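Engineer: Take a look at the following structure, please.
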């Protein structure tokens with residue numbers, strides 16, 4: 001039937017045509033060879049992709065190792081005399097802030113801070129945020145009302161404690177729109193030099209502990 005020549009990429013196919021039901025054997029063989037070549041090319045692409053993934057995984061491992069090594073470093077803050085060892089999770093060295101010293105065991109010393117005593121001689125005194133953890137001395141010759149503000153006015157932190165003392169002869173009554181919890185519901189400092197500690201339990205709830213009367 002003659003010869004047929006075909007160019008496929010850089011490959012030149014030349015074959016004699018033999019009629020077999022309208023399709024030649026050479027044509028079929030050439031198609032199979034082309035298919036095999038395509039499969040080989042695609043397989044090579046897949047292999048290259050796998051190699052790239054392996055390289056990316058190796059890079060990530062290196063990065064992760066680097067991060068771990070950095071997190072194990074010891075941090076030292078010379079200004080606070082503080083040393084933090086990430087590996088062991090421990091703190092060594094005393095920390096001193098505003099005259100208060102905290103050692104690694106958590107022991108607090110020198111906790112009396114300058115200006116921690118608040119003096120007032122008014123007949124009504126409402127606590128302010130800066131009164132937290134301080135000593136409030138009430139010196140009045142007449143009845144005095146100490147007011148604990150609601151959270152809407154002053155949001156003291158939970159656990160805040162404030163000590164109050166009646167230095168004057170005027171009896172001090174503790175009052176608040178918040179809930180005050182005390183033994184027997186007593187909220188007045190009993191006599192001159194009686195004292196009480198106010199401890200905030202949670203939002204608008206305070207404990208009142210001390211030398212109290214009805």
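Engineer: For segment 149-198, list the strands (runs of 3 or more DSSP E) that sit wholly inside it and hold at least 1 residues that are within 32 Å of the chain's Cα centre (by Cα); which are they? Before the answer, list the steps.
Structural biologist: Working: elements: 161-166, 172-176, 179-181.
Where strands (runs of 3 or more DSSP E) fall fully within segment 149-198 and carry at least 1 residues being within 32 Å of the chain's Cα centre (by Cα), they are 161-166, 179-181.
Engineer: Do we find that residue 177 is surrounded by 17 or more Cβ atoms within 10 Å (Cβ to Cβ), under 20 Å from residue 123 (Cα atoms) and in the same structural domain as residue 143 (by TED's automatic domain parsing) in this structure? First the steps, then the outcome.
Structural biologist: Numbers: surrounded by 17 or more Cβ atoms within 10 Å (Cβ to Cβ): no; under 20 Å from residue 123 (Cα atoms): yes; in the same structural domain as residue 143 (by TED's automatic domain parsing): yes.
For residue 177, the condition - surrounded by 17 or more Cβ atoms within 10 Å (Cβ to Cβ), under 20 Å from residue 123 (Cα atoms) and in the same structural domain as residue 143 (by TED's automatic domain parsing) - is not met.
Engineer: Please go through segment 122-148 and give me each residue that is assigned to a loop (DSSP other than H, G, I, E, B), surrounded by fewer than 20 Cβ atoms within 10 Å (Cβ to Cβ) and under 41 Å from the mean Cα position of the chain (by Cα), ordered by number.
Structural biologist: 128, 132, 133, 134 - these are the residues of segment 122-148 that are assigned to a loop (DSSP other than H, G, I, E, B), surrounded by fewer than 20 Cβ atoms within 10 Å (Cβ to Cβ) and under 41 Å from the mean Cα position of the chain (by Cα).
Engineer: Of the conditions (1) touching a strand residue (DSSP E or B) at 6+ places or on another chain (Cβ under 8 Å); (2) more than 19 Å from residue 140 (Cα to Cα); (3) surrounded by fewer than 18 Cβ atoms within 10 Å (Cβ to Cβ), residue 155 fails just one. Which one is it?
Structural biologist: (1)
The values are calculated or read from the model by the stated rules, or taken from the named source; none is laboratory data. Computed from a predicted structure; not experimentally measured. Positions of Cβ are backbone-derived with ideal geometry, glycine not excepted, and every protein chain shown enters the neighbour counts.
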